[in-house]
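Scroll down for the structure; my scribbles are underneath it.
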Amino acid sequence: MTVTVTEQREAADNLRESMRIFNDAIRMAAYRGLHVEVKLLQMHRTEGPTPVPQVDVLAKL
């Protein structure tokens, strides 16, 4: 599969926007009193290791 420069640029833009939304959501949850913990896990697949974020959220009661 050949990936064009335009497709790479679009993928990078999409990833940037996704990370911005994700970060905003974590900040908002923390601001509203939730404890948020994000861990990066390694999932082993036939294609090779793949990083997978795990998000834990606890209410501060």
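Let me check I've understood the local charge: for Lys60, count other residues with C-beta under 15 angstrom from its C-beta, Lys and Arg +1, Asp and Glu -1. What total comes out? Walk me through the numbers before you get to the answer.
Working: positive: Arg32; negative: Glu37, Asp56.
Summing Lys and Arg as +1 and Asp and Glu as -1 gives -1.
Leaving out ligands and nucleic acids, note down the accessible area per residue over the chain with a 1.4 angstrom probe, in whole Å².
Values: 5580 Å² over 61 residues.
Counting only protein heavy atoms, the per-residue value for the chain is 91 Å².
Converting phi to 3J(HN,Hα) with the Karplus coefficients 6.51, -1.76 and 1.60 and the offset θ = phi - 60°, the range 26-33 yields 5, 4, 5, 5, 5, 4, 8, x Hz in sequence order, with x at every glycine or proline.
Per-atom-type breakdown for the chain gives carbon and sulfur 60% of the accessible area (1.4 Å probe, protein chains only).
Counting only DSSP H runs of at least 4 residues, each contributing -39500 (n - 2.57), and dividing by the residue count of the chain, the helix-based mean residue ellipticity at 222 nm comes to -16000 deg cm²/dmol.
Tell me which label goes with the value of Cα Rg over 2.2 N^0.38 Å computed from the coordinates here: (1) 1.52; (2) 2.00; (3) 1.02. Checking each listed value against the structure points to (1).
The values are calculated or read from the model by the stated rules, or taken from the named source; none is laboratory data. Since we're looking at a predicted model, the values are computed, not measured. Positions of Cβ are backbone-derived with ideal geometry, glycine not excepted, and every protein chain shown enters the neighbour counts. These area figures cover heavy atoms from the full protein model, side chains too; ligands, DNA and RNA do not enter into them. Shrake-Rupley method; radii C 1.70, N 1.55, O 1.52, S 1.80 Å.
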